[in-house]
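Colleague: There's a structure below that I have some questions on.
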Amino acid sequence: MATRGENTFLKAVIPILILKALLVSPKHGYEIARSFKNSEHNIDIDIASVYRILNKLKDNGYVIEEGNKVIVDNRARTYFAVTEEGHLYYKQQMDEIAKVYCLIHSL
């Protein structure tokens, strides 16, 4: 059971949000975290968590590292892009989310 202030549903869908961000264009982890924080929903996700999820998505074949690492302010930035398998996974997950949404609103 979730405790007060904990949003377990949001935590569960963060990988899908990351995939969505990458479907728009390839990004590095810091850029993803910053876009979530700067969104109208102000989602604050730890950068280490973003990279942990990106690595898991990569291990599952849903994203790949794209091109060479870019050095900005003496920091290496690895850009990630969604694979075809990642596109399919994203669509399947969004279909499931849509089913849950419809079920909730039909009750």
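Colleague: For the structure I just gave you, tell me whether TYR62 is within 21 Å of LEU10 (Cβ to Cβ) and either in contact with a helix residue (DSSP H, G or I) (Cβ under 7 Å, 6 or more places away or on another chain) or surrounded by 14 or more Cβ atoms within 10 Å (Cβ to Cβ) (or both).
Modeller: Details: within 21 Å of LEU10 (Cβ to Cβ): yes; either in contact with a helix residue (DSSP H, G or I) (Cβ under 7 Å, 6 or more places away or on another chain) or surrounded by 14 or more Cβ atoms within 10 Å (Cβ to Cβ) (or both): yes.
In short, yes.
Colleague: Which one is modelled with the lowest pLDDT, of the residues in the stretch 65-74 that are out of contact with any helix residue (DSSP H, G or I) (no Cβ under 9 Å at 6 or more places or on another chain) and within 20 Å of LEU23 (Cβ to Cβ)?
Modeller: Within the stretch 65-74, the match that is modelled with the lowest pLDDT is GLY67.
Colleague: Take the residues in the stretch 37-59 that are surrounded by 18 or more Cβ atoms within 10 Å (Cβ to Cβ) and under 25 Å from TYR101 (Cα atoms); name whichever of them is modelled with the lowest pLDDT.
Modeller: ILE45
Colleague: Within the stretch 50-64, how many residues turn out to be among the polar types (S, T, N, Q) and farther than 17 Å from HIS87 by Cβ? It would help to see each step written out before you state the result.
Modeller: Filtering the stretch 50-64 for residues among the polar types (S, T, N, Q) gives 55, 60.
Still in the running and farther than 17 Å from HIS87 by Cβ: 55.
Total satisfying the criteria: 1.
The values are calculated or read from the model by the stated rules, or taken from the named source; none is laboratory data. Fair warning: this is a prediction, and the values are worked out from it, not measured in the lab. Virtual Cβ from ideal backbone geometry, glycine too; neighbours counted across all protein chains shown.
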